[in-house]
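Everything below concerns the one structure shown next.
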Amino acid sequence: MNDFIKINFWVNGKQYDLEVPPLKPLSRILREDLHLTGTKEGCREGECGACSVILNATLINSCLYPAFKLNRKDIITIEGLQVDEKLNPIQEAFKEVMALQCGFCTPGLLMAVYYYVYILKGDCEDRIQIKNAIGGNICRCTGYEQIIQAIESLKDKVR
């Protein structure tokens with residue numbers, strides 16, 4: 001009996017073919033097999049949001065997504081936000097208002113904001129929508145005010 005499956009998928013525009021255990025979570029595949037360590041593993045239960053990535057235009061907790069579902073999927077990780085080695089406007093906004101402290105939650109928050117702003121085309125002036133957009137991400141350091149300010153500052157910078 002073979003304990004591995006073959007999967008073919010894309011991460012940040014690059015195609016990968018791997019053999020992995022069928023239940024290995026995407027977060028571990030990213031970190032261990034692809035050496036993309038920007039995606040963090042916090043709770044490993046889908047509660048903290050640190051492992052958030054975008055899979056086929058949907059924000060997911062990669063710690064809960066098993067390898068056997070990955071075939072032919074398209075994934076964007078925190079490493080995929082930069083363009084030509086320049087920070088994405090969301091990353092710039094977080095930097096400008098110092099919306100990060102220890103940085104552990106930052107990749108997941110940035111992915112949630114990317115999803116909200118670029119995929120859902122969310123309103124960067126509606127605090128309730130902004131809070132809902134980042135609601136699945138736990139940050140113990142900032143108190144969220146600077147994070148919300150960073151998102152609000154995007155209203156004229158993206159689209």
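Please give the charge dipole size of the chain, origin at the Cα centre, charges +1 on K and R Cβ atoms and -1 on D and E Cβ atoms. Round to the nearest 20 debye. If you can, show how the numbers build up before the last one.
Numbers: 19 positive and 20 negative charges, 48 e Å.
Computed about the Cα centre, the dipole is about 220 debye.
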TODO: Can you spot the aspartates and glutamates whose alpha carbon is less than 17 Å from K69's alpha carbon? Ignore those fewer than 8 places along the same chain.
DONE: D3, D17, E19, D33
TODO: Give the cross-link partners of K157 among the aspartates and glutamates, using a straight C-alpha distance below 19 Å as the criterion and excluding same-chain residues fewer than 8 apart.
DONE: D84, E85, E92, E96, D123, E125, D126
- [ ] Highest first, please rank the peptides 117-129, 12-24 by the mean number of other Cβ atoms sitting within 10 Å of their residues.
- [x] 117-129, 12-24
Task: Solvent exposure of the chain as accessible area per residue, Å², 1.4 Å probe - done: 54 Å²
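Summing Lys, Arg as +1 and Asp, Glu as -1, what charge do residues with Cβ under 15 Å from the Cβ of N132 carry, N132 excluded?
Net of charged neighbours comes to -1.
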Task: Nearby lysines by direct alpha-carbon distance to K155 (threshold 29 angstrom, same-chain neighbours under 8 apart not counted) - done: K40, K86, K95, K121, K131
Task: Ranked by how many other beta carbons lie within 10 Å on average, peptides 81-89, 142-150 from highest - done: 142-150, 81-89
Open item on the list: Report for the chain the percent antiparallel among DSSP-assigned beta bridges with both residues inside it, nearest 5.
Closed with: 90 percent
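Where in the chain are the DSSP H helices whose alpha-carbon span along the long axis reaches 24 Å or more and whose Kyte-Doolittle mean is at least -0.5? Can you show the working numbers first?
Working: long enough: none.
Span-like helices, by this rule, are absent here.
The values are calculated or read from the model by the stated rules, or taken from the named source; none is laboratory data. These numbers come from a predicted model, not from an experiment. No Cβ is skipped: glycine too gets one built from the backbone with ideal geometry, and neighbour counts run over all protein chains shown. SASA here: full protein model, heavy atoms, side chains in, ligands and nucleic acids out. Shrake-Rupley method; radii C 1.70, N 1.55, O 1.52, S 1.80 Å.
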